[in-house]
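Notes follow the structure.
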Amino acid sequence: MQSNMDGVYAKGVGEIVDQLRSEFLDEVKDTLEKLTFTIDEVRHERNDIKMLVEEVQRATMSIKGQAHNYDLAALATVAARCEDYLANVRNYPPRTLDDIQTYVDCMIDIAEKPDIEERDISHLVRELPAKVRLDASILEVRNVEVLLVMLHGAATHFVERELQECGYRVSTCTSALDAMPLIIRTKPDLVIISAMMPELSGIDLASGLAAMPATRNIPTALITSLPEDDPYLQLLSDRVPIIHKSASFGDDLAEALSNLFLI
């Protein structure tokens, strides 16, 4: 009797989850359609781009969090990339509206067809617009994906700028715990990890990536202000180059990129 009740209960929960998932996707499509209307208003100078950016940031933050709950990895990833794209945009260069529209259209497509099993997230993110440089200038963008696992701050902006100078596509993840599934899904060409991260240290993450079959072939580097002889760094795999936050930063970064065959 108990076994039968368990089956009924499990079926009921599954149906509830499916209903909630469907309602969430309907809400996402409604939100994104409203954003499309606002984008059109901005194009015709009937609305303000700063207000649009704030609306998109609120929407993507909400979509990202809830999409994870419903196992919508592609939707969550694109929402996170859109949020990251807009994180430090200033002065809004002409391409900004088109780029926002591309992100919105991509999320609409996923929300309308959420169960396409063959969707390759690593390919999908490479088709999304590259992040605008902090100085709003436009460089030729190479098809090289770099993920920074670092907290937001001056050091992150500096590293990001240096990589953008090389023409790389740069995205940022501020949690070492969130970085692991993101790396597996998006398969970046390079991961640069800050040694000091909350919850899980960058050294632990870098060591895990170097050891796991799913990620050991993804080039990884560690950025740190620790001295070279710090015993903590001795725990790091020999396969992970170290980039020091010091006067040698530029040389260390160039050497790491060269050793990882990215320049």
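The values are calculated or read from the model by the stated rules, or taken from the named source; none is laboratory data. Quick caveat, the model's predicted, so the values are computed rather than measured. Note that we place each Cβ from the backbone using ideal geometry, even for glycine, and neighbour counts take in every protein chain shown. Note: accessible area is taken over every heavy atom of the protein model, side chains too, but ligands, DNA and RNA are not part of it. Shrake-Rupley method; radii C 1.70, N 1.55, O 1.52, S 1.80 Å.
Side notes on the structure shown:
- Cα Rg, Dmax, region 20-65, angstrom units: 11.7, 37
- FRET efficiency for the pair residue 34 and residue 97, taken as 1/(1 + (r/R0)^6) with r the Cβ-Cβ distance and R0 = 25 Å, rounds to 0.95.
- Phi angles of region 249-256 translate, via the Karplus equation with coefficients 6.51, -1.76, 1.60 and θ = phi - 60°, into HN-Hα couplings of 3, x, 5, 4, 5, 4, 5, 5 Hz per residue; Gly and Pro are given as x.
- Extended-chain gain in nm, criterion 0.36 nm per residue less alpha-carbon gap, residue 165 and residue 211: 13.5 nm
- Once backbone amide H atoms are built at 1.01 Å from N, residue 166 has no partners under 5 Å, excluding neighbours fewer than 5 places away on the same chain.
- Counting only Cβ charges, +1 for Lys and Arg and -1 for Asp and Glu, the dipole size of the chain around its Cα centre is about 240 debye.
- Integer Hz, Karplus 6.51/-1.76/1.60 couplings in order for region 50-61, x for Gly and Pro: 4, 5, 4, 4, 5, 5, 5, 4, 5, 5, 5, 4
- Residue-by-residue Karplus 3J(HN,Hα) for region 170-187, coefficients 6.51, -1.76, 1.60, Hz, glycine and proline x: 10, 10, 10, 10, 9, 9, 5, 5, 6, 5, 4, x, 5, 5, 5, 6, 8, 6
- Partner lysines for residue 29 [C-alpha distance under 26 Å; skip if fewer than 8 residues away on the same chain]: 50, 64, 113, 131
- Here the Gaussian network model covers the chain, with springs between Cα atoms less than 10 Å apart; of 126, 46, 90, 46 fluctuates the most.
- Peptides 197-206, 183-192, 231-240 ordered by average Cβ neighbours within 10 Å, highest first: 183-192, 197-206, 231-240
- Counted by Cβ distance under 12 Å from residue 187, the other residues give a net charge of -1, where Lys and Arg count +1 and Asp and Glu count -1.
- The alpha carbon centroids of region 231-258 and region 7-86 are separated by 38 Å.
- Annotation: amide H-H contacts under 5 Å for residue 197 (H modelled 1.01 Å from N, sequence separation of 5 or more, or interchain): 202.
- Average silhouette area of region 187-261, convex hull of alpha-carbon atoms, in square nanometres: 5.0
- When shorter helices are ignored and each DSSP H run of at least 4 residues is given -39500 (n - 2.57), the per-residue value for the chain at 222 nm works out to -18000 deg cm²/dmol.
- Residue among 252, 48, 105 with the largest mean-square fluctuation in a Gaussian network model of the chain, springs linking Cα atoms under 10 Å: 48
- Per residue, the accessible area of region 20-129 comes to 51 Å², computed with a 1.4 Å probe over protein heavy atoms only.
- GNM top mover of 44, 68, 123 - the chain, alpha-carbon springs below 10 Å: 44
- Relative to the compact-globule estimate of 2.2 N^0.38 Å, the Cα radius of gyration of region 92-215 comes out at 1.13.
- Counted over the chain with a bin width of 5 Å, the fraction of Cα pairs per bin, in whole percents, is 1, 5, 12, 15, 16, 15, 12, 9, 6, 4, 2, 1, 1, 0, 0.
- Other-chain or far-sequence residues with amide H under 5 Å of residue 172's (modelled H): 148
- A simple spin-label model places pseudo-atoms 7 Å from Cα toward Cβ; at residue 54 and residue 142 they are separated by 3.9 nm.
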